[in-house]
Each structure stands twice: as C-alpha cells, then as structure tokens.
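The values are calculated or read from the model by the stated rules, or taken from the named source; none is laboratory data. The model shown is predicted, which means the values in this text are computed figures rather than measured ones. Cβ sites come from the backbone with ideal geometry, for glycine too, and all protein chains shown count toward neighbours. Areas reflect the complete protein model, heavy atoms only, side chains present, ligands, DNA and RNA absent. Shrake-Rupley method; radii C 1.70, N 1.55, O 1.52, S 1.80 Å.
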Amino acid sequence: MDYRVSKRFVYLPVLAFFLAVMPLAAQTPEATPAFAAAERALLEAEREQAGQWAAEPYQAARDAYAQAQALQLKRKKTDAERAALTAEAQAALAAAQARQRRLAEQVERKISENNALRRDLLLGKDGKRP
C-alpha cells in the first residue's frame, strides 16, 4: 500500500471539515457585555413574572433584544449595542413594575384581611354587636 494514498484519504476529510465549519464559526457573533446585561435583565424580569404583571414593558424588552440580535448578525455593532441597552432598560422596568404590582396586590389583600378581622372583633363573628 502506498503511504501517500492513505495520507490523502486522511487529509481530504479533515480539510473538508474545516472548510465547512470555519465559515459557520466566523458568522457567530461574540457576546458583548451589553448583551450579557440584557440577558440577565430579561431573566430577572421572567423571575418576577413580568409577562403577567407588566406585559407591555416586558414585550418591549423582548422585542428590543430580538432587534439587537438581528443587528448584531448584520454586523451593525453600534446599533446592536444600543438596542441591547434599550432591552436591558426595558427589562429592568418590567421587573420593577411587576414587583411593585405584585406587592401592591399583597398589601391590598392584607388590608382587606385586616378589615375583616377588625369587623369580626367589633361586631362579633355572627355580625351582631356583643
């Protein structure tokens, strides 16, 4: 068996692999600090259930993040960074509004419970004055 022939069979698939994979790796944009911050803010908003409690700013944050990713793929780095920062700010707003609305509802629930207890103490359990 000729040594050069077997060497060609080894090098040819390796070369084909690198020619196929390297363009894909070159197209993948690197993560920037703005994108990382936007992702963290979106995760925090999800933890605060912003989709339920603050749907409008949460959807705006998701849209801005999707736009930032699209701009990054188009190699428009400055615009992508700006959109990622917008997404981060919108996600932080959504998380804060969700937290505030959820806590306000808890406060209202406690107020109504306290009013019911006060009414029970003043009027008695059956609604008649003691």
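Residue by residue, segment 86-101 carries 3J(HN,Hα) couplings of 5, 4, 4, 5, 5, 5, 5, 4, 4, 5, 5, 5, 5, 4, 5, 5 Hz when phi is fed to the Karplus relation 6.51 cos²θ - 1.76 cosθ + 1.60 (θ = phi - 60°); x denotes Gly or Pro. Stretched out straight at 0.36 nm per residue, the stretch from K77 to A36 would grow longer than its current Cα-Cα span by 13.3 nm.
Placing pseudo-labels 7 Å out from each Cα toward the beta carbon at Q49 and L117 gives an inter-label distance of 2.3 nm. Ranking T86, T32, T78 by solvent-accessible area of protein heavy atoms (1.4 Å probe, all protein chains present), from largest to smallest, gives T78, T86, T32. When all protein chains stay in place and ligands, DNA and RNA are ignored, the 1.4 Å accessible-area order of R62, R102, largest first, is R62, R102.
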